[in-house]
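Here's a structure for you.
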Amino acid sequence: MFDLRGYGWMLWEGLQLTLLVGLCALVLAVLLGLLGAWGKLSRSAVARGVAGTYTTVVRGVPELLLILLIFYGTPTLIQNTAARWGHTVRVDLDPFVAGTITLGFIYGAFATEVFRGAFQAIPRGQIEAARAVGMSRFLALRRIVLPQVWRFALPGLGNVWMVLIKATALISVIQLDELMRKSQIAVGATKLPFTFYFTASLMYLGITIVSMLLQQRFEAWSNRGVRRA
Amino acid sequence: MNLELAYNSLPQLFTGLLVTLEITAAALLLGLALAVPLALLRVSRNPLAWMPVYGYIFYFRGTPLLVQLFLVYYGSGQFRVELESLGLWTYFREPYFCAILTLTLNTAAYTAEILRGGIQAVPHGEVEAARACGMSRGLLYRRIILPKAFRLALPAYSNEVVFLFQATSLVSIITLLDLTGVARVIVARSFAVYEIYITAGLLYLACTYLVLWVFRRVEHRLSAHLRPQEDELTRRARAPRLV
């Protein structure tokens with residue numbers, strides 16, 4: 001049943017690319033999440049409106065549709081706009097870049113909600129105290145708020161990561177050679193769909209298990225200075 | 001921006017939306033029916049009962065839906081002879097059947113986990129009180145634990161409904177013509193990439209927030225006994241609301 005006919009190495013390569021796309025997208029999602037949370041908690045109505053629209057739209061539309069829209073829609077939009085100004089340009093998105101940006105953009109919306117909750121979980125008194133001892137708003141953010149945000153955000157970010165890494169399978173639709181697409185190629189050659197897709201699913205399960213263990217470690221680490229009842 | 005094309009393809013997109021809603025509803029109903037016994041087995045103290053269910057839930061929550069879909073739709077081909085001898089091949093050959101089967105198994109796993117949380121959140125005192133009144137286990141579950149667990153699980157379940165609704169877009173990959181599938185066909189024919197995908201996205205968006213709104217209403221209804229009672233003055237002072 002688990003005779004992979006020499007295609008095991010290909011799945012292994014795919015797994016590495018899956019992890020790479022996932023990690024790059026996570027970094028982008030965290031950055032967008034911080035930016036989005038800043039917008040949502042901002043005093044400016046424009047920033048709140050932009051951040052609110054971002055999370056509302058992204059969380060209401062399926063990932064697959066967004067991937068198709070960004071991967072196929074962006075080049076067409078650029079080309080059409082350029083054509084209107086009398087230029088001929090040809091834009092081809094690299095699947096890796098497009099996949100990373102799309103996933104980062106989608107899960108940035110989920111990270112925004114996580115960070116918003118985390119920022120609000122920081123006691124206001126601490127920020128007031130920091131301002132009272134003469135810290136500038138930026139210094140208070142850097143020294144007081146950001147180091148603590150991670151502690152409140154970690155459980156939520158862990159969930160975002162778990163959903164994100166599973167969503168990387170959708171990138172196979174835009175022909176990036178990650179785990180799912182490599183399995184499809186192996187299936188095409190060997191005609192053993194169940195064997196390969198089941199192996200791939202076990203690899204994803206492995207990522208989930210390792211992520212869960214790491215998450216527990218991280219949470220213990222980030223809570224090391226907190227007294228527990 | 002070719003708005004006319006987007007407008008003209010609305011009827012086609014609506015037929016796709018109908019397929020999407022059909023698959024969502026079927027998977028939700030079947031998944032819920034499957035999730036209740038699974039959740040009950042999951043909270044059992046007998047390892048023979050909870051361990052297999054735990055494994056099932058873990059597998060379906062830990063792997064991507066796309067892999068599960070391919071495993072059922074393409075993977076069943078590897079067992080064609082066996083399935084034919086059982087007379088099941090006619091079903092597994094159909095993408096529609098495979099889509100509903102996979103989505104049902106997937107949502108059942110997530111829903112069972114949500115219900116488990118609800119069951120375990122039922123206050124212990126209520127269970128003890130029911131036992132003290134002499135309720136049998138069956139009656140206890142039917143009258144006290146399950147109704148309470150459903151209500152406690154409702155907010156999390158509304159999220160699951162939205163996720164499942166959006167996840168049905170994956171069935172377009174196994175050739176079904178749901179909303180995403182129809183959009184992909186129109187795009188392939190007309191090259192109006194962003195017009196069509198944005199229109200389809202707006203339809204998804206509208207349905208998603210409609211579902212969330214309905215669930216909020218239901219939650220509001222079901223928690224009437226938890227809200228402080230309004231006296232006549234506050235009721236009169238309150239401005240009439242539209243929604």
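Quick one: would you say residue A:192 is surrounded by 16 or more Cβ atoms within 10 Å (Cβ to Cβ), modelled with pLDDT under 95 and within 8 Å of chain B (Cβ to nearest Cβ)?
Yes; evaluated as a whole, the condition is true for this residue.
Can you report the number of residues in the range A:130-147 which are in contact with a helix residue (DSSP H, G or I) (Cβ under 8 Å, 6 or more places away or on another chain) and of a type outside the set (D, E, K, R)?
6
Residues are listed down the side, and each one gets a yes or a no for (1) among the small types (Gly, Ala, Ser); (2) surrounded by fewer than 13 Cβ atoms within 10 Å (Cβ to Cβ); (3) free of Cβ contacts under 8 Å to residues at least 12 places away in the same chain:
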position	(1), (2), (3)
A:89	no, yes, yes
A:93	no, no, no
A:96	no, no, no
A:104	yes, no, no
A:109	yes, no, no
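Pairs, please: C-beta under 7 Å, at least 6 apart or cross-chain, first residue more than 10 Å from chain A (Cβ to nearest Cβ) and outside any loop (DSSP other than H, G, I, E, B) and in the range B:158-185, second surrounded by fewer than 22 Cβ atoms within 10 Å (Cβ to Cβ) and not aliphatic (A, V, I, L, M)?
Listed by first residue and then by second, the contacts come to B:158/B:215; B:160/B:110; B:174/B:95; B:182/B:12; B:182/B:15.
Report yes if residue B:101 is without any contact (Cβ under 8 Å) to a residue 40 or more places away in the chain and within 30 Å of residue B:182 (Cα to Cα), otherwise no.
Against the criterion (without any contact (Cβ under 8 Å) to a residue 40 or more places away in the chain and within 30 Å of residue B:182 (Cα to Cα)), residue B:101 qualifies.
How many residues does the range A:1-16 hold that are touching a Ser or Thr at 6+ places or on another chain (Cβ under 9 Å) and in a helix (DSSP H, G or I)?
4
Further question on the same structure: Looking at A:164, A:154, A:77, A:103, which is the one that is of a type in the set (A, V, I, L, M) and farther than 30 Å from residue A:205 by Cβ?
A:77
Something else now. Filtering the range A:1-26 down to residues that are within 18 Å of the chain's Cα centre (by Cα) and among the small types (Gly, Ala, Ser), which residue is nearest to residue A:101 (Cα to Cα)?
Across the range A:1-26, the extreme among qualifying residues is A:25.
Report yes if some residue within the range A:147-159 is within 12 Å of chain B (Cβ to nearest Cβ) and assigned to a helix (DSSP H, G or I); otherwise report no.
So far as the range A:147-159 goes, yes, one or more of its residues are within 12 Å of chain B (Cβ to nearest Cβ) and assigned to a helix (DSSP H, G or I).
All but one of (1) touching a Lys or Arg at 6+ places or on another chain (Cβ under 9 Å); (2) away from chain A (no Cβ under 13 Å); (3) of a type in the set (S, T, N, Q) hold for residue B:106; which doesn't?
Residue B:106 satisfies every listed condition except (2).
Would you kindly identify the helices (runs of 4 or more DSSP H) lying entirely within the range A:28-146 that contain at least 1 residues that are out of contact with any Pro (no Cβ under 6 Å at 6 or more places or on another chain), within 14 Å of chain B (Cβ to nearest Cβ) and over 30 Å from residue A:159 (Cβ atoms)?
It comes to A:74-84.
Can you tell me which residues in the range B:207-221 are among the aliphatic types (A, V, I, L, M) and within 14 Å of chain A (Cβ to nearest Cβ)?
B:210, B:211, B:212
Check whether at least one residue in the range A:1-22 is over 30 Å from residue A:191 (Cα atoms) and of a type in the set (A, V, I, L, M), and report yes or no.
So far as the range A:1-22 goes, no, none of its residues is over 30 Å from residue A:191 (Cα atoms) and of a type in the set (A, V, I, L, M).
Let me ask another. In the list B:191, B:97, B:163, B:150, which residue meets the criterion of being farther than 30 Å from residue A:75 by Cα and either out of contact with any Gly (no Cβ under 8 Å at 6 or more places or on another chain) or hydroxyl-bearing (Ser, Thr, Tyr) (or both)?
B:97
The values are calculated or read from the model by the stated rules, or taken from the named source; none is laboratory data. Nothing here was measured: the structure is a model prediction, and the numbers come from that model. Cβ: placed from backbone, ideal geometry, glycine included. Neighbour counts: every protein chain shown.
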